[in-house]
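A.B. asks: Can you keep this structure in mind? I'll have questions shortly.
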Amino acid sequence: MKLIITGATGMVGSEVLREAITDNEIESITIIVRRPADITHPKLKTILHQNFLDYSSLENEFKNNDALIWCLGISQNVVSKEEYIKITYDYAVAAAKAVLQSNNKLRFLFLSGRGADNTEKTKILFGKIKGRTENALKGMSLEKLYIARPAAILPVHKQKNLAFILKMQYTLVKIFSYITPSFVITSVDLAKALLYIVKKNEPSQLYVDVQLKQIAKQLL
C-alpha cells in the first residue's frame, strides 16, 4: 500500500510514520509537511508544503497513493480560536475536496478525538470544531472515510520544543494512565491501529477509543 501522512512531525503523525516505515505492507510513504521530519528512509518521500488550503500542486500525489492518514492538528490551548478552526477544520476540508477531485478511491482517515460533538452545540471548542469537521467530511461523498476518536493519548517518544502547557498536559495523561488506563492509549498503539484501519480497507466507519485500543491489543 502507498500511504500519505499529514502532521508527520507531530506526536501522533510521527508515530504513524515510524510504524509505517517498519510495516512491510507499506510500499511507500509520502509526508506532506511544513518542515522535514527527523526520520529518513528509502521508502519515505517528503513534500514541503506551506499552504494547507491549496493542494493543487499535490494532485498527482493523491492520484498515486492508496490512503491518507490525516494527523495534522494542534491543541486548542496553544493557538487562538480562529487559528484552531483554520488548522482543524479548514485544512482538513480543503484536503478532502482535493481528494474528491483527484482520486475518490483514496482512503481518508481523519484523526478526531473523544468529545467530538456532531451536534456542534458544545461550548468546548475542541468538541465543536472536531464535530463540525467530521460532519463536513461525512457530507462530501468520500468513498472511504474513517474517523478515529481516541481519548487521552500518551506519547511514547519525546518531542522537541514542546510548549509548557503541552508538557503539563502529557504529565496529566501519564497520571491518568495509572488511574484510569482504559481512558488512555499510547501513541504507538494508536499509530498501529490507524495503519491497520487503512490497510484493512473496510467500508467507511467511526472508530471510538475502545475500538482503537482493541485493535491495538489484537496486533500485539
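The values are calculated or read from the model by the stated rules, or taken from the named source; none is laboratory data. Remember, predicted model here, so these are calculated numbers, not experimental data. In this analysis, Cβ positions are derived from the backbone assuming ideal geometry, glycine residues included, and neighbour counts consider all displayed protein chains.
A.B. asks: Mind listing whichever residues of the stretch 187-219 are farther than 19 Å from SER14 by Cα and among the small types (Gly, Ala, Ser)?
C.D. replies: Of everything in the stretch 187-219, just one residue is farther than 19 Å from SER14 by Cα and among the small types (Gly, Ala, Ser), namely SER204.
A.B. asks: Select the strands (runs of 3 or more DSSP E) contained entirely in the stretch 23-122, then report the ones holding at least 1 residues which are of a type in the set (Lys, Arg) and at pLDDT 95 or above.
C.D. replies: In the stretch 23-122, the matching strands (runs of 3 or more DSSP E) lie at 44-48, 107-111.
A.B. asks: Of the conditions (1) closer than 18 Å to VAL99 by Cβ; (2) buried (at least 18 other Cβ atoms within 10 Å of the Cβ); (3) at pLDDT below 95, GLU134 fails just one. Which one is it?
C.D. replies: (3)
A.B. asks: Got at least one residue in the stretch 50-64 being surrounded by 15 or more Cβ atoms within 10 Å (Cβ to Cβ) and touching a Ser or Thr at 6+ places or on another chain (Cβ under 7 Å)?
C.D. replies: The answer is yes; a qualifying residue exists.
A.B. asks: Quick one: THR46 ticks every box in (1) within 18 Å of the chain's Cα centre (by Cα); (2) within 24 Å of LEU212 (Cβ to Cβ); (3) polar (S, T, N, Q) bar one, so which box is it?
C.D. replies: That leaves (2) as the condition not met.
A.B. asks: May I ask you to list the residues in the stretch 145-167 that are modelled with pLDDT under 95 and in a loop (DSSP other than H, G, I, E, B)?
C.D. replies: Correct list: ALA151, PRO155, VAL156, HIS157, LYS158, GLN159, LYS160, ASN161, LEU162, ALA163.
A.B. asks: (1) surrounded by fewer than 21 Cβ atoms within 10 Å (Cβ to Cβ); (2) under 23 Å from LYS200 (Cβ atoms); (3) among the charged types (D, E, K, R): which one isn't true of ARG107, the others all being true?
C.D. replies: Going through the list (1) surrounded by fewer than 21 Cβ atoms within 10 Å (Cβ to Cβ); (2) under 23 Å from LYS200 (Cβ atoms); (3) among the charged types (D, E, K, R), ARG107 breaks only (1).
A.B. asks: Quick one: count up the residues across the stretch 1-22 that are in a loop (DSSP other than H, G, I, E, B) and either out of contact with any Ser or Thr (no Cβ under 7 Å at 6 or more places or on another chain) or surrounded by fewer than 21 Cβ atoms within 10 Å (Cβ to Cβ) (or both).
C.D. replies: 4
A.B. asks: Can you find even one residue in the stretch 124-144 that is in a loop (DSSP other than H, G, I, E, B), closer than 23 Å to GLN76 by Cβ and either without any contact (Cβ under 8 Å) to a residue 60 or more places away in the chain or within 13 Å of the chain's Cα centre (by Cα) (or both)?
C.D. replies: Within the stretch 124-144, one or more residues are in a loop (DSSP other than H, G, I, E, B), closer than 23 Å to GLN76 by Cβ and either without any contact (Cβ under 8 Å) to a residue 60 or more places away in the chain or within 13 Å of the chain's Cα centre (by Cα) (or both).
A.B. asks: Identify all residues within the stretch 116-125 that are surrounded by 15 or more Cβ atoms within 10 Å (Cβ to Cβ) and either β-branched (Val, Ile, Thr) or farther than 22 Å from SER141 by Cβ (or both); write none if there are none.
C.D. replies: ASP117, THR122
A.B. asks: Could I ask something else about it? Report yes if some residue within the stretch 95-103 is surrounded by 14 or more Cβ atoms within 10 Å (Cβ to Cβ) and either acidic (Asp, Glu) or at positive phi (or both); otherwise report no.
C.D. replies: No, the stretch 95-103 contains no residue that is surrounded by 14 or more Cβ atoms within 10 Å (Cβ to Cβ) and either acidic (Asp, Glu) or at positive phi (or both).
A.B. asks: What number of residues within the stretch 85-132 satisfy the criterion of being under 16 Å from THR6 (Cα atoms) and hydroxyl-bearing (Ser, Thr, Tyr)?
C.D. replies: Residues in the stretch 85-132 being under 16 Å from THR6 (Cα atoms) and hydroxyl-bearing (Ser, Thr, Tyr): 4 in total.
A.B. asks: Let me ask something else about it. Given the conditions (1) over 19 Å from MET11 (Cα atoms); (2) of a type in the set (Gly, Ala, Ser); (3) in contact with a Gly (Cβ under 7 Å, 6 or more places away or on another chain), which single one is not true for SER102?
C.D. replies: Exception for SER102: condition (3).
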